[in-house]
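Peer 1: Take a look at the following structure, please.
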Amino acid sequence: MLLALALLAFAGPDGAKVFEEKCSGCHKPGSETRAPLPAVLKEMARAAIVKSLESGSMKAQGAALTADERLAVAMFLSAKIDAPAALANTCPMPMPALSKLTGWNGWSASAGNTRYVARTVDPAKLKLKWAFGHPGSVTAVSQPTVVDSVLFMGSEKGIVYALDAATGCEFWRYQAEAGVRVSILVHDGAALFGDTKANVYSIDAQTAALKWKLNLDKHPFARITGTPSLHEDRLYVPVSSAEEVPAGNPKYPCCTFRGSVAAINSGDGKLLWQTYMIPDEPKPTTKNSAGTQRMGPAGAAVWLSPTIDPKRKMLYVGTGNGYGEPETPFTDAVVALDLATGARKWHKQLTPNDRWNLACVGQFTANCPPNAGEDFDFGASPLLVKGADGKDRILAGQKSAIVHALDPDAEGAILWQTRVGQGGALGGVEFGMAADARAVYVPLSDFNGRDAMAGGGLFALQITTGEKLWHTPPPPPPCKSMRPCSAAQMAPATALQNVIFSGSMDGTLRGYDSATGKIVWEFPTLTEFETVNQVKAKGGSLNSTGAVIVGKMLYVQSGYGALGGIPGNVLLAFELQ
């Protein structure tokens, strides 16, 4: 409230001038820094912009501004004053008891993170039933969880909701300390999730009362972006970071974060083990051209949900790029950990020497490592798939646009590799593939902020050989008159027996015939929606969340005001008529 009053009464530096001199180099069309355009920032509340500059992902850049300059930039960019949304759609009935927990629970509805549902649907019969708006948000990225008749989801503002899955009315909400990007995992009466300050929560799934809370990493840019996985009452949580962003500031001592996976007792929150992907702690290396001490090794963030292999008692994750020197063999790798102890059993690095941070494409390059890589990390979960030949394979899609098939019985030996695109910092496979016993379905990003038609499309690769079974290029994007606009397909795919659902940065959810790749259904989300909670809402890019299919319903989040995306703030619920 005090910040809101300060913003209203503010009279200080020229925000337009401050933005032009100190911010516009990154926040401009065609910039490779991934920074949102001013048109996207306009949709954010002023207080949210200030918070990002003070303590969020833009903290390092904000440190170079005075408090008055941060306020001035917020005033220049946005006219929105954030206000808490009232409870406009409280359910008239009590929340039903959760017992069977059937539905779509967590990141994937199937084992091995394959995102496969063994059923058929007629997509022509899908009709929008209701919509729910996220107040004060420009992004909707927490993939819904639906168990029994209740839908759980997080939000950019850190609000976790429990909604009636049929109508969208609200049973309860819980305010986390920071944004909740992950899916909610429901187990033993608890709703389990992480936030963007690397906190893990267990709250009562019926009442939202806090059971326990545990911070996994005190690093100021540590976060949890991958949904925890569960096995035998153990919660396996990945830890990633946003440290690549402050590295764009020459005065920032880049870099000290190391990705990790932690095992937690789901009942009491006790930390059982935590394994850092880079075993060596960062130490001082050289000084950059601005005289700032560099640190390393760093990086190897774990961005998405771990994959459980009960037969081999293993856990598989993909790791991110390195942030600086020295090189380490644990970046851009698939890593196998012992489920019981967290011991590293093997790792397979697929792209060596991939050291990259925002300084490599930003206005100030002092922190960019010599001979920088291409940012070809693994941002998606590995898939553990049994092919039609009965053999298990680990399928890992990389931002290099290469899909790798690894042998889990031979320490990750490469079985086949197939290239589907050019790859890039926002290219290749971003947030995930889907697979059945015949094929793996690969959405292609290859985002290019200067070319709306760059990238995009969906591939089907044969599980046993990696042969391309079909490829469907992207249709012309419906957002061509808008900026930003892109045909890139960053969102994870969802596979059914007869149709594959894949979302696009152009704001369209499409259904593809699984046998031929023909587009058999599409729904454009770039419009305003009347919502059940009376929040003004519109669709945008479909990015880090995919379609969830439970019973006669399909749910999808729309809106991504980052990484060249179109802002939006809506959950859409479709019903099979």
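Peer 1: How many angstrom separate the Cα center of region 305-322 from the Cα center of region 409-427?
Peer 2: Their Cα centres are 16 Å away from one another.
Peer 1: Under a Cβ-Cβ cut-off of 13 Å, what is the net charge of the residues other than ALA190 that fall near it, where Lys and Arg count +1 and Asp and Glu count -1?
Peer 2: Taking every other residue near ALA190 into account, the sum is -2.
Peer 1: For the pair LYS552 and ASP392, what calculated FRET efficiency results from E = 1/(1 + (r/R0)^6), where r is the Cβ-Cβ distance and R0 = 41 Å, to the nearest 0.05?
Peer 2: Result of the calculation: an efficiency of 0.80.
Peer 1: What translational D, rounded to a whole number of µm²/s, comes out for the chain from Stokes-Einstein when the hydrodynamic radius is the Kirkwood one over Cα pairs, at 10 °C and 1.306 mPa s?
Peer 2: D = 67 µm²/s.
Peer 1: Compute the length gained on full extension between ALA290 and LYS125: take 0.36 nm times their separation in residues and subtract their Cα-Cα distance, giving the result in nm to one decimal.
Peer 2: My answer for the length gained is 53.4 nm.
Peer 1: Restricting attention to the alpha-carbon atoms of region 450-557, what are Rg (one decimal) and Dmax (integer), both in Å?
Peer 2: Final numbers for Rg and Dmax: 14.7, 50 Å.
Peer 1: Just the number please: accessible area per residue for region 410-535, 1.4 Å probe, all protein chains included, in Å².
Peer 2: Spelled out: the 1.4 Å probe surface of region 410-535, per residue, equals 37 Å².
Peer 1: Here's a follow-up. What's the FRET efficiency of HIS231 with ALA166 using the Cβ-Cβ distance as r and R₀ = 45 Å, to the nearest 0.05?
Peer 2: Approximately 0.90, to the nearest 0.05.
Peer 1: If ligands, DNA and RNA are left out, what is the accessible area of CYS360 with a 1.4 Å probe, given in Å² to the nearest 10?
Peer 2: 40 Å²
Peer 1: With a point put 7 Å past each Cα toward its Cβ, work out how far LYS270 is from ALA118 in nm, to one decimal.
Peer 2: 3.6 nm
Peer 1: What number comes out for the charge environment of LEU151, summing +1 per Lys or Arg and -1 per Asp or Glu over other residues with Cβ under 11 Å away?
Peer 2: -3
Peer 1: List the relative contact order of region 326-436 as a percent without decimals, with contacts defined as Cα pairs under 8 Å and 6+ residues apart.
Peer 2: 20 percent
Peer 1: Moving on to the next point. Counting pairwise Cα distances across region 316-449, what percent come out greater than 18 angstrom?
Peer 2: Above the 18 Å cut-off, region 316-449 has 55 percent of its Cα pairs.
Peer 1: Relative contact order for region 496-577 using alpha-carbon pairs under 8 Å, separation at least 6, rounded to a whole percent?
Peer 2: 24 percent
Peer 1: Considering Cα pairs under 8 angstrom that are at least six residues apart, work out the relative contact order of the chain and quote it in whole percent.
Peer 2: Dividing the mean separation by the residue count of the chain yields 13 percent.
Peer 1: If you don't mind, another one. Straight distance only, please: which aspartates and glutamates reach the Cα of LYS125 with their own Cα at less than 13 Å, same-chain residues fewer than 8 apart left out?
Peer 2: GLU522, GLU575
Peer 1: Shifting gears a bit: Points 7 angstrom from Cα along the Cβ direction at LYS218 and ASP513: gap in nanometres?
Peer 2: Taking the two extended label points, one gets 6.0 nm.
Peer 1: If you keep only loop residues by DSSP, which trypsin sites (Lys or Arg not before Pro) in region 446-505 have at most 11 other Cβ atoms within 10 Å of their Cβ?
Peer 2: Sites meeting the loop and neighbour criteria: ARG450.
Peer 1: Assigning unit charges at the beta carbon (Lys, Arg +1; Asp, Glu -1) and nothing else, what dipole magnitude in debye, to the nearest 20, does the chain show about its Cα centre?
Peer 2: Roughly 260 debye, rounded to the nearest 20.
Peer 1: Expressed as a whole percentage, what fraction of the accessible surface of the chain belongs to carbon and sulfur atoms when a 1.4 Å probe is rolled over the protein heavy atoms?
Peer 2: 53 percent
Peer 1: Right, something else. Considering the options ILE224, TYR174, LEU461, tell which one lies farthest towards the positive end of the dipole of the chain, charges being +1 on Lys and Arg and -1 on Asp and Glu at the Cβ, about the Cα centre.
Peer 2: Ranked along the dipole, the leading option is TYR174.
Peer 1: Please give the per residue accessible area of region 337-385, computed with a probe of 1.4 Å over protein heavy atoms only, in Å².
Peer 2: 37 Å²
Peer 1: Taking 7 Å along the Cα-to-C-beta vector as the label spot, tell me the GLN577-GLU411 distance in nanometres, rounded to one decimal.
Peer 2: 5.9 nm
Peer 1: OK, next. Accessible area per residue, 1.4 Å probe, Å², for region 78-212: what's the number?
Peer 2: With all protein chains present, region 78-212 gives 36 Å² per residue.
Peer 1: Follow-up question, since we're still on this one. How do SER241, SER289 stack up against each other in accessible area, from largest to smallest, with a 1.4 angstrom probe?
Peer 2: SER289, SER241
The values are calculated or read from the model by the stated rules, or taken from the named source; none is laboratory data. The structure displayed is predicted, hence computed values, not measured ones. Positions of Cβ are generated from backbone atoms using ideal geometry, with glycine treated the same way; all protein chains shown enter the neighbour counts. Heavy atoms of the whole protein, side chains included, go into the accessibility calculation; ligands, DNA and RNA do not. Shrake-Rupley method; radii C 1.70, N 1.55, O 1.52, S 1.80 Å.
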